[in-house]
Amino acid sequence: MRQYVELHGRRRTIGEWYLPRTGGYRMPGGGDVVQSSPAMGKGFGDVQDYFHSTFPDMLIEDLLGFQSKHKKEFTVHPLLPEDEWDYFYLGDLRYHDHEVDILWKKDWDESKPGNQSKLIVWIDGKRAAESSKLTRALQVPLP
């Protein structure tokens, strides 16, 4: 995931399929492209400007753990280890005509000792669910 994020961040040079073994990519028309080619990413609309459509899906659904369902609920089950990130926020997520905000934070009040870690979910601006464990699946019903 870190390699994939790096490709969408500073370098942003990937095509349709990233090839991690070679550091290159494969374009939709076929053929592998090696990143070190001098002509790569020279003009607007070239491979450098390509934003892979599955990147937001991997970030939202896999890493941050938002898992939709075909009913009036969803699950939040991040893949992040609790000791890796101090916080994350996923907001303005529209789901079944509701606004969803998800926040994980390690220490909510730095002046207080002890572990205050919490994953909190708001729906339409109201607190809907919370968990002290980031790695445990949190089922969230919609109002």
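Given R₀ = 25 Å, FRET efficiency for residue 109-residue 60 by Cβ-Cβ distance, to 0.05? Spell out each step's value before the answer.
Values: r = 28 Å, r/R0 = 1.13.
So, using R0 = 25 Å, E works out to roughly 0.35.
Would you mind ranking 98, 77 so that the residue whose beta carbon has the fewest other beta carbons within 10 Å leads the list?
Taking fewest neighbouring Cβ atoms as first place, the list is 98, 77.
Just to be sure I understand the model, the point goes 7 Å from the Cα along the line to the Cβ. What's the resulting residue 99 to residue 126 distance in nm?
In this crude spin-label approximation the distance works out to 1.5 nm.
Which lysines, on any chain, are close to residue 118 with Cα under 30 Å apart, when same-chain ones fewer than 8 places away are left out?
Of all the lysines, those that pass the test against residue 118 - Cα under 30 Å, at least 8 places apart if same chain - are 69, 71, 72, 105, 106, 126, 133.
Ranked highest first by average number of other Cβ atoms within 10 Å, how do 125-133, 57-65 line up?
Details: 125-133: 12.7, 57-65: 16.2.
In descending order of packing, they fall as 57-65, 125-133.
Any read-out appearing in this document is the output of simple, stated calculations on the displayed coordinates, not a laboratory observation. A quick note: this is a predicted structure, and the numbers were derived from the prediction, not measured. As a convention, Cβ positions derive from the backbone with ideal geometry for all residues, glycine included, and neighbour counts pool all protein chains shown.
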